[in-house]
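A.B. asks: I'd like to ask some things about the structure below.
The values are calculated or read from the model by the stated rules, or taken from the named source; none is laboratory data. Everything quoted here is computed from the prediction, not taken from an experiment. In this analysis, Cβ positions are derived from the backbone assuming ideal geometry, glycine residues included, and neighbour counts consider all displayed protein chains.
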Number of protein chains: 2
Amino acid sequence: MNAAIAQTGRVRAAVLCDWGGSRLRAFLDVAGRVTAQASGPGIARLGGQSPATVLQQTLAPWSAEADIEVVVLCGMAGSRTGLAEVPYLRAPADADTCWAAARAVRDGEWSVSILPGIQARNFRDAADVMRGEETQIFGALQLQAALAQGRRMLVLPGTHSKWVEVRDGRIARLQTYLTGELFDLLSTQSSLLRLGGAAGADEDAFEIGVRNAARHDLAASLFETRSAQLVEDRSAGWARAFLSGLLIGAEVRSMLETPNVPGGELTLIGDPQLTRRYQRALRLFDVPGQSLDGDVCVLAGLRAAAHHFRKES
Amino acid sequence: MNAAIAQTGRVRAAVLCDWGGSRLRAFLDVAGRVTAQASGPGIARLGGQSPATVLQQTLAPWSAEADIEVVVLCGMAGSRTGLAEVPYLRAPADADTCWAAARAVRDGEWSVSILPGIQARNFRDAADVMRGEETQIFGALQLQAALAQGRRMLVLPGTHSKWVEVRDGRIARLQTYLTGELFDLLSTQSSLLRLGGAAGADEDAFEIGVRNAARHDLAASLFETRSAQLVEDRSAGWARAFLSGLLIGAEVRSMLETPNVPGGELTLIGDPQLTRRYQRALRLFDVPGQSLDGDVCVLAGLRAAAHHFRKES
């Protein structure tokens with residue numbers, strides 16, 4: 001008889017949730033395999049509903065088919081506006097410390113564990129924070145044991161791109177770049193791309209943007225996105241790719257110029273399309289990098305956390 | 001009898017208009033004095049009306065009381081979406097070249113002259129453009145003859161901040177920074193200031209932002225606006241002033257680090273509240289600066305242009 005089938009005849013399962021600002025993604029996990037998925041609104045997009053209601057509605061269909069032993073949440077679920085606030089855990093912190101700092105709440109029939117974010121110094125000794133990325137990182141360390149040895153740099157590109165130093169399996173320092181959010185704002189709301197030219201991708205323009213960022217500071221270069229269209233007949237598609245290259249290039253250059261950042265191969269964790277873009281930028285700076293799928297990593301991290309909470313109970 | 005009174009008994013006047021993206025400002029000028037003012041929507045805010053209609057409606061009340069000999073427009077009025085497109089004039093260009101490149105159009109009873117913008121190389125040899133600022137600059141040169149001698153740096157802060165090198169009275173090079181637009185986007189639309197803390201100004205925070213920009217690159221520092229609120233209990237007012245300091249500081253540092261920019265005293269031209277803010281930032285970089293009122297400068301420039309067109313006709 002399958003070990004995952006309880007005496008009731010129903011399967012024993014964990015629910016693993018990555019609940020960020022823009023999206024809730026929930027996975028029904030049975031004996032280490034995802035058997036169902038669901039999604040819901042992010043913490044910043046609840047539209048007046050309470051987080052508890054959204055969670056109930058999203059997970060309710062699974063109650064009928066499985067014994068849900070544990071529900072694990074990471075990300076903005078633990079922020080002030082989330083299901084319940086979990087204070088940031090101070091770096092340095094490894095996976096076990098992170099799971100131990102989770103906040104347990106009862107939500108109806110379920111025992112819900114909300115993972116903390118992590119607060120660390122950045123590479124300029126200012127405060128920095130993450131919520132959710134720590135779970136991807138601890139997942140990556142599960143998948144590649146070598147990442148937990150020595151000093152490693154992990155990069156998690158996205159709305160808020162995180163560069164994280166891991167020392168012997170502990171998150172030690174982190175630096176956030178606003179790259180994804182800046183690109184969204186500048187490409188949809190600013191005067192830089194409001195000229196109405198032809199759209200379409202232009203991969204040369206991305207590289208031109210990265211090379212520009214390698215030579216000049218970001219503030220000085222942004223307006224070239226507009227003037228290239230006004231007086232050099234560049235298309236809106238060209239300008240969009242150029243802007244993407246400028247912003248990603250400025251991020252990469254900024255970290256490479258920062259003192260005391262560990263060298264060697266970078267590990268990119270995220271959406272494969274986005275990590276490919278970062279890999280292209282890194283190649284122009286002659287920096288080696290490997291990529292891991294962010295979804296795979298966050299599942300591995302949530303699964304490790306669920307394993308911890310099951311042992312506890 | 002006053003020379004401005006024509007034989008009809010009505011005064012002879014010029015209409016001087018600064019028509020930018022966000023606002024039309026019109027001045028009725030009689031013998032070098034403004035006797036009435038009017039305003040209307042900017043070229044980017046016409047709400048479906050034609051520029052010609054807006055101009056007619058704004059100026060119509062003055063037709064009854066004055067003989068309008070000339071109407072001079074500067075700014076976005078000459079852009080693709082303006083009253084009539086006037087191609088950018090290529091730098092180097094002095095005031096007379098600029099007036100000579102104006103486009104004359106008839107608009108009902110009036111002879112309207114639209115001034116061109118200027119296209120130049122920036123200090124990194126990329127294309128850059130201005131529309132409207134050239135008129136303020138040529139006005140400043142009318143007001144302070146010394147500015148037309150040798151190599152001078154003029155700074156016109158605003159939505160798109162312009163740093164302009166004037167050589168012997170000619171606009172030679174220019175560099176645009178997106179500072180004002182970035183501040184508007186980041187302070188109203190981004191995650192940096194959406195945490196809902198206390199508002200209010202904090203002048204210390206502005207200086208902290210400028211000093212931060214002097215040490216670190218802009219990309220690396222922006223997120224500190226958010227993390228300072230999340231983990232260091234800074235108010236939204238603090239964060240807003242910090243962000244303003246970061247952006248203005250990044251602009252100033254960028255130009256000071258650019259090779260071949262003329263040294264010496266900078267001349268700031270703009271809204272007095274804004275030029276004061278830039279003066280504070282410049283002091284932290286030990287750079288001397290004087291300020292001129294942007295409204296006074298643009299009027300002086302438009303008046304000089306009107307004088308040129310009257311002589312012509």
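A.B. asks: What is the one condition in (1) within 10 Å of chain A (Cβ to nearest Cβ); (2) touching a residue at least 12 places away in the same chain (Cβ under 8 Å); (3) closer than 23 Å to B:PRO157 by Cβ; (4) buried (at least 23 other Cβ atoms within 10 Å of the Cβ) that B:ALA219 does not satisfy?
C.D. replies: Result: B:ALA219 passes all but (2).
A.B. asks: How about region A:127-141: which of its residues are surrounded by fewer than 24 Cβ atoms within 10 Å (Cβ to Cβ) and of a type in the set (Val, Ile, Thr)?
C.D. replies: Residue satisfying the conditions is A:VAL129 alone.
A.B. asks: Would region A:111-120 turn up any residue that is under 18 Å from the mean Cα position of the chain (by Cα), on the phi > 0 side of the Ramachandran plot and either modelled with pLDDT of 95 or more or in a strand (DSSP E or B) (or both)?
C.D. replies: no
A.B. asks: If you don't mind, another one. Is it true that some residue in region A:92-102 is among the hydrophobic types (A, V, I, L, M, F, W, C), loosely packed, with under 15 Cβ neighbours inside 10 Å and within 25 Å of A:ALA148 (Cα to Cα)?
C.D. replies: Yes, region A:92-102 has at least one match.
A.B. asks: Is there any pair linking a residue in region A:297-313 that is outside any helix (DSSP H, G or I) to one that is buried (at least 18 other Cβ atoms within 10 Å of the Cβ), with Cβ under 8 Å and at least six apart or on different chains, and which?
C.D. replies: A:SER313/A:VAL70
A.B. asks: Turning to a different aspect of this structure: Go through (1) in contact with a helix residue (DSSP H, G or I) (Cβ under 7 Å, 6 or more places away or on another chain); (2) away from chain A (no Cβ under 12 Å); (3) surrounded by fewer than 23 Cβ atoms within 10 Å (Cβ to Cβ); (4) touching a residue at least 24 places away in the same chain (Cβ under 8 Å) one by one and return the number of the condition B:ALA148 breaks.
C.D. replies: Among (1) in contact with a helix residue (DSSP H, G or I) (Cβ under 7 Å, 6 or more places away or on another chain); (2) away from chain A (no Cβ under 12 Å); (3) surrounded by fewer than 23 Cβ atoms within 10 Å (Cβ to Cβ); (4) touching a residue at least 24 places away in the same chain (Cβ under 8 Å), the lone unmet condition for B:ALA148 is (4).
A.B. asks: A further question follows. So, in region A:245-262, of the ones that are surrounded by fewer than 24 Cβ atoms within 10 Å (Cβ to Cβ) and more than 13 Å from B:ALA220 (Cβ to Cβ), which residue ends up nearest to the other protein chains (Cβ to nearest Cβ)?
C.D. replies: Only one residue fits best here, namely A:ASN260.
A.B. asks: Moving to a separate point now. In this structure, is A:GLU257 within 24 Å of A:ARG173 (Cα to Cα) and touching a strand residue (DSSP E or B) at 6+ places or on another chain (Cβ under 8 Å)?
C.D. replies: So A:GLU257 fails the test.
A.B. asks: Between residues in region B:173-199 that are more than 9 Å from chain A (Cβ to nearest Cβ) and under 26 Å from B:MET255 (Cβ atoms) and residues that are among the charged types (D, E, K, R) and in a strand (DSSP E or B), which pairs lie under 9 Å by C-beta distance while being six or more apart or on different chains?
C.D. replies: That search, which allows pairs on different chains as well, returns B:ARG173/B:ARG121; B:ARG173/B:ASP128; B:ARG173/B:GLU165; B:ARG173/B:ARG167; B:LEU174/B:ARG121; B:LEU174/B:ASP128; B:LEU174/B:LYS162; B:LEU174/B:GLU165.
A.B. asks: Would you check which residues across region A:63-81 are over 22 Å from A:GLU312 (Cβ atoms) and surrounded by 20 or more Cβ atoms within 10 Å (Cβ to Cβ) and list them?
C.D. replies: Passing the criteria: A:MET76, A:SER79.
A.B. asks: Could you tell me whether A:ARG124 is surrounded by fewer than 18 Cβ atoms within 10 Å (Cβ to Cβ), more than 11 Å from every other protein chain (Cβ to nearest Cβ) and over 13 Å from the mean Cα position of the chain (by Cα)?
C.D. replies: No: the conditions fail for A:ARG124.
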